[in-house]
Structure formats: C-alpha cells, structure tokens
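Visitor: A single structure is presented below for examination.
The values are calculated or read from the model by the stated rules, or taken from the named source; none is laboratory data. Remember, predicted model here, so these are calculated numbers, not experimental data. We place every Cβ from the backbone using ideal geometry, glycine too, and count neighbours over all the protein chains shown.
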Amino acid sequence: MAAKITVGQVPAMFSRRQQKVFGIGRREFPMHVHGKIISATESRSSELDFMAGVTCDITSGLQSTSHTVQNPAYPLYPSVAQLLREKGIPKSDVSKIPASGPKGRLLKGDVLAYIGQIPANYPSTQAATLAKLSHLDLSNIKIAPAPVPAPAAEEVVAEPLPMASVAISISLAAVLATQKKLQDNLGVTVPLSRFFAAATDLANDDLPRLASSEPSADELFDEVLGAKPINTSRGDYIPELNAFEPPKTVRSKPVTEDLIDFLSAKSSKKSVPTVSVEGSSGVASNVFSLTVPAGEEVRAKVFLERIKTLLSVEPARLVL
C-alpha cells in the first residue's frame, strides 16, 4: 500500500535524506564564520556550495593563485591532512599557512613551503606557470622561410668507349649449294637469313669471358664448394654482312671516224672491245664484321670464326 505523502512533504523528505547521501553532517560545519552566526538555511546552502566547489575544483584549479588562509567552508584534502599529521603540525596552525589552492583551499605545496622544504613562492610560481601553459600561446610562432632550391647538379656525360672493328671474309658457296640441293630434292626454298640466324645463335654460345667481367654470387658460391671457375659466357653479337656487287661488263666508247680517213678509203671497221671487270674470288665476296668496344676483339674474333665454320662446313645441319 502506497504511503500518503503530501506534495509539501517531498522536498523536506529529500532534504533530510541529503545528509546521509553526501555523508556530511551539520556538526562538521562551524556555525560561527568570521564572527557571524549561520542559520540552518545558510548551513544547507553552504553544503550545496561545497558540492559545487568539489565539482569545479578540476576546471578552476589553476585560476586562483592569491595567498589566503584555508577556507573553513571546505575540508582539508586527504593528502594535506596526511602531511600535517606526518609533520606534526597542529590544526591550530592551519589558519597560519597561506593557501594557494582553488577556492582558497590548502595544498601540499603550501604546507611544504610553510615548513621550509621548498621555496615560499614555489606554489604560486608553479600555479602561474601551469595557468600560462594551459592556454595555447601563438605569439612566438614564426613563419618558416621557404626552402632554397638546391642548385641543379651538372649531368656528367660519360665519355664514349673507344670502339674497334673486327671483320672476316666468308664464302657462301657451301650455303648456296645446300640451298639449291634442298630446292631440287625437297622443293623447299630456305632463305639465307635462316642459315645466318642459326649460325649466329650457335656461335654466341660459350664465348671466352672478358677479363673485366666479375663473377656472380652463384658462381662464387660454387667455387667455394669446389667447382671450377667459369671462363666462358654467352654473347649477344649480331654480325653485319657486307656483300660485294656482282661483276659488271663495261663497254668502251665507240671510235669516231675521221672524215679525211673516210675519203681516203683508209678507214676500216673496228670492233668495239668489251672489258669485263671481274670481281674478286668467291672467298672475298662476303665480309662479316663486328663493331665492339675496345678489349673485346678476341671474343669477337672467336665469334666470327665460328660463323665461318658453321657456314662453310655442312651448313645443312643449321636448318635440318
């Protein structure tokens, strides 16, 4: 069954229970403050002021830096009370200690400054420093100068390496004979480019290694295990073919007859001689050449010698 409580009794009921909730009795507050007698209503309002002060202690802790005595409306901080007991300071001397805390409350620094363990102005100095640092100070900000672009470094142009030319004469008679034989027997025309491509691929295998080349990490590891050093490597040469034109037949200019010789009947028909400019022998009809950096002449020479051997000795193996 619900209790019958009038509307006017509700605030009074809460006001009586308020002391138990906050754990603060009327006896804990002095009734005489600065020679004035505080009534019950004023005492209740002081209780509310105390709770409001506890709530705003964190936000307004750095706002008050003036030296006053401990506000009797607020109890001592537990840390301050413990310090007073440790240092043997009686409660009667609390009013003699200047308080620099919020709402005039006593801090540990005030007690330490009072007994001389820290400078007397240390609490106020620290409070002023913290109050200053609590606000963002932009007065000392300076605009950084724009970075100066670094001067462009001069590009070092590498000097071109000296080049050397290596050439060799190769007869293509065996290749042409093989080409004709395949045409007659199989009816297949194999272009010369196929012979050259196959010979170039085979001739690039296992060429002598250059003295300036360094072994790879795998090769060095194999040498540690006892393998013989590799003195050959694959090349990437492509020869240039310089073919001579076939021999041409050059006719001499006709001899013009003299009118006096014609009238004197001394003229006779002269045959116009034909002069044939024969080309060189078949060995020199085709020249294979390479242009390589200086120091690779021996390697290029070995490559061209292999080309000559492959095109001269059984060239049919290149396409069959």
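Visitor: Determine whether the range 242-264 contains at least one residue that is assigned by TED's automatic domain parsing to the domain that holds residue 200, modelled with pLDDT of 90 or more and part of a loop (DSSP other than H, G, I, E, B).
Guide: Looking through the range 242-264, none of the residues is assigned by TED's automatic domain parsing to the domain that holds residue 200, modelled with pLDDT of 90 or more and part of a loop (DSSP other than H, G, I, E, B).
Visitor: Same structure again: So, in the range 144-190, how many residues would count as being of a type in the set (Val, Ile, Thr), touching a strand residue (DSSP E or B) at 6+ places or on another chain (Cβ under 6 Å) and not in a loop (DSSP other than H, G, I, E, B)?
Guide: 2
Visitor: I would also like to ask the following. Among the residues of the range 191-205, are any among the hydrophobic types (A, V, I, L, M, F, W, C), within 25 Å of residue 308 (Cα to Cα) and not in a helix (DSSP H, G or I)?
Guide: No: the range 191-205 contains no residue that is among the hydrophobic types (A, V, I, L, M, F, W, C), within 25 Å of residue 308 (Cα to Cα) and not in a helix (DSSP H, G or I).
Visitor: Is it true that residue 139 is farther than 30 Å from residue 77 by Cα, in a loop (DSSP other than H, G, I, E, B) and not aliphatic (A, V, I, L, M)?
Guide: yes
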